[in-house]
Amino acid sequence: MLKMAELKVPIISIVIGEGSSGGALALGVGNKVLMLENAIYSILSPEGYASILWKDSSRTKEAAEKMKLTAKDLYNLKVIDKIIKEPDVETPETFEIISKNLRKEIISIISKMKDLTPEEIVEERYQKFRKMGEYKVKEVEE
């Protein structure tokens, strides 16, 4: 991942189903991380989380909710950059629709990044990684 972070070309990561374990860590190094609306993305499965935290793998649903592994949650935490909408109903044309949406986003990202210098690409990636999950502490008035 360190070598990947040093690459001087844009990296676009796409989570299309389940991004998990060490692969999930590597996906996070991308300049841009896209995620299909119904995909999940986490370094640990909900079963594993429940087993470790509560010593009870039957609490998988509760674990999944706490883990914030949905596209919406991860977008709000600034872990991913864009949610790719999926059709509500699966049909033979679904794959074609999703492919077109992904293609449009990839082209858009490349066109925005094509004029960046290699150093700017690396710096953008670094700054994005630093902001993941960022939160602000509210000041308490005395």
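The values are calculated or read from the model by the stated rules, or taken from the named source; none is laboratory data. Keep in mind the model is a prediction, meaning the values are calculated, not measured. Please note: Cβ atoms are built from the backbone with ideal geometry, for glycine as well, and neighbour counts cover all protein chains shown.
Per-structure values
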| read-out | value |
| --- | --- |
| Unique residue being part of a helix (DSSP H, G or I), under 30 Å from residue 117 (Cβ atoms), out of contact with any Asp or Glu (no Cβ under 6 Å at 6 or more places or on another chain) and of a type in the set (D, E, K, R) when the list is 3, 8 | 3 |
| Residue satisfying all of: in region 53-80; hydroxyl-bearing (Ser, Thr, Tyr) and within 20 Å of residue 14 (Cβ to Cβ); surrounded by the most Cβ atoms within 10 Å (Cβ to Cβ) among these | 70 |
| Residue within region 4-13 that is touching a strand residue (DSSP E or B) at 6+ places or on another chain (Cβ under 9 Å), in contact (Cβ under 8 Å) with a residue 24 or more places away in the chain and among the basic types (Lys, Arg) present | no |
| Evaluation of residue 89 against (1) over 19 Å from the mean Cα position of the chain (by Cα); (2) aliphatic (A, V, I, L, M); (3) crowded, with 17+ Cβ neighbours inside 10 Å (one fails), failing number | (3) |
| Residues located in region 57-105, provided they are more than 17 Å from residue 38 (Cβ to Cβ), free of Cβ contacts under 8 Å to residues at least 40 places away in the same chain and part of a loop (DSSP other than H, G, I, E, B) | 92 |
| Residue check, residue 25 closer than 29 Å to residue 10 by Cβ and more than 14 Å from the chain's Cα centre (by Cα) | no |
| Any chance residue 50 is surrounded by 18 or more Cβ atoms within 10 Å (Cβ to Cβ) and part of a helix (DSSP H, G or I) | yes |
| Sole residue being within 29 Å of residue 3 (Cα to Cα) and either charged (D, E, K, R) or modelled with pLDDT under 95 (or both), chosen from 141, 124, 62 | 124 |
| Per-region count, region 37-56, residues closer than 17 Å to residue 20 by Cβ and in contact (Cβ under 8 Å) with a residue 24 or more places away in the chain | 7 |
| Failed criterion for residue 76 (all others in (1) in contact with a helix residue (DSSP H, G or I) (Cβ under 6 Å, 6 or more places away or on another chain); (2) within 30 Å of residue 120 (Cα to Cα) hold) | (1) |
